[in-house]
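The values are calculated or read from the model by the stated rules, or taken from the named source; none is laboratory data. The model shown is predicted, which means the values in this text are computed figures rather than measured ones. Every residue, glycine as well, gets a Cβ built from its backbone with ideal geometry; the counts of neighbours run over all protein chains shown.
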Amino acid sequence: MSLIDKDRLSYLTRVEQFFLALTDSGLALSANDYHLISQWEDRGVPVQRVCRGIEKAFVEFQRQSRRPGGKVSIGQLKESVESEIDRSDRI
């Protein structure tokens with residue numbers, strides 16, 4: 001029995017695969033990252049908007065990082081992703 005609802009698997013998997021491909025790291029996300037993705041889904045945020053926010057936040061993180069290639073989590077990008085979601089909601 002899976003702890004993840006099968007109806008959510010697609011949303012979670014799409015964001016997970018996008019993030020892991022973008023960062024070129026790991027095989028899975030942390031439990032906190034999965035929880036955060038589930039919250040965005042529960043709020044009805046389109047997966048494309050989440051991925052766009054993650055990408056913008058990751059690019060900015062890389063630009064500001066003193067350690068190129070440093071590990072990053074979705075949780076670390078949350079504030080920037082939320083800003084992108086809010087910005088898109090106002091358009």
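Some notes on this structure:
- Any hit, region 36-49, residues being of a type in the set (D, E, K, R), under 23 Å from residue 88 (Cα atoms) and part of a loop (DSSP other than H, G, I, E, B): yes
- On inspection, residue 28 does not qualify as surrounded by 18 or more Cβ atoms within 10 Å (Cβ to Cβ) and either without any contact (Cβ under 8 Å) to a residue 40 or more places away in the chain or part of a loop (DSSP other than H, G, I, E, B) (or both).
- Failed criterion for residue 62 (all others in (1) farther than 15 Å from residue 23 by Cα; (2) at pLDDT below 95; (3) surrounded by 12 or more Cβ atoms within 10 Å (Cβ to Cβ) hold): (1)
- Subset of region 73-90 (residues that are of a type outside the set (Gly, Ala, Ser), surrounded by 11 or more Cβ atoms within 10 Å (Cβ to Cβ) and at pLDDT below 90): 84, 85, 87
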